[in-house]
Amino acid sequence: MNYKIVFSDIDGTLLNGERELSDFTIKTIKEVKEKLPVVLISARMPDAMHHLQEELDIRELPIIAYNGGLVLVDDKPISSVEIPMDSLKAIHQFNTENNLDVHLSLYHHDEWYVPQTDFWSNREENNTKVSPQIKSNAEVIEKWTSENKGPHKIMAMGDEEKIDKISDFLSENYKDKLHFYRSNKNYLEVANKEISKFSAIQYLLDHHYKISTKDTIAFGDNYNDVEMVGGVGMGVAVSNARQEVKDVATKMTGHGKEDGVAKSLQAMFSL
């Protein structure tokens, strides 16, 4: 098969143990991009992806952010699907009325708001190399309501049992409207039910590249990668991937922290 485009998840898939791009991965992707586009696809916000694009010398290429909620070409949105404001208000109300004190990070395009500087905001800032703005959830809700926009992503962070309560609340009330998954025991990531990484890939291929999904390679590791890895022509799971991802993958590669993506690309394209 003559593959025409590569998509790669970032966290858990492309980055090494220091959550950085290894020299080998940078070298490999620079070589691959001379043959075909390499597009980053992530739950991250765009600003947390751009510095990686620059290191890989693919800054001019599209990106898919927020698990498919935002697709950018030439830094301009060609697809944007937000979480309904009533869902955000309900999550905030549940968090407040039950005194959970779960940290809710709110994202829209390149806006990232945190209610205060704390362990969770510092951890995310360190991981993503992006600094948040400090504004209470209630203030952000008021601001976005007046601007007629909603979040592309909500990230709930906190103690495992408190995240369990948020997850149970969403399961009982919003499973038909929202995607929500645990990226780890302390993180719950929320997006609009209408989107996924695979739906965003299909949109980008149909509206920009005019490429069939069967001519596409994608790498992933987590629950939000299952549909993508199972839907493209060549879905590759890193060895540290969730079993659900491995079950739908066309093939396996090495650990994400040990250049698994780069090693697979080297073999595929005889680099």
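The values are calculated or read from the model by the stated rules, or taken from the named source; none is laboratory data. Not measured: the values here are computed from a predicted model. Cβ coordinates were reconstructed from backbone atoms using ideal geometry, including for glycine residues, and neighbour counts include every protein chain displayed.
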Quick one: which strands (runs of 3 or more DSSP E) lie wholly within region 1-86 and hold at least 2 residues that are farther than 19 Å from His108 by Cα and in contact (Cβ under 8 Å) with a residue 12 or more places away in the chain?
-> 5-8, 38-41
How many residues does region 1-39 hold that are surrounded by fewer than 20 Cβ atoms within 10 Å (Cβ to Cβ), farther than 15 Å from Asp221 by Cα, polar (S, T, N, Q) and at pLDDT 95 or above?
-> 1
Within region 172-223, tally of residues that are under 20 Å from Leu36 (Cα atoms), touching a residue at least 60 places away in the same chain (Cβ under 8 Å) and among the charged types (D, E, K, R) | 3
Filter pass, Lys149 being of a type in the set (Lys, Arg), in a helix (DSSP H, G or I) and modelled with pLDDT of 95 or more = no
Which pairs do you get when a residue that is assigned by TED's automatic domain parsing to the domain that holds Val238 and within 20 Å of Lys35 (Cα to Cα), found in region 256-271, comes within reach of a residue that is among the β-branched types (Val, Ile, Thr) and assigned to a loop (DSSP other than H, G, I, E, B), reach meaning Cβ atoms under 6 angstrom, with the pair 6+ apart or on two chains?
-> Gly260/Val238; Gly260/Thr253; Ser264/Thr253
Can you name every residue in region 103-132 that is surrounded by fewer than 19 Cβ atoms within 10 Å (Cβ to Cβ) and assigned to a helix (DSSP H, G or I)?
-> Phe119, Asn122, Arg123, Glu125, Asn126, Asn127
Look at region 224-255 and say how many of its residues are over 25 Å from Lys35 (Cβ atoms), of a type in the set (D, E, K, R) and in a helix (DSSP H, G or I).
-> 4
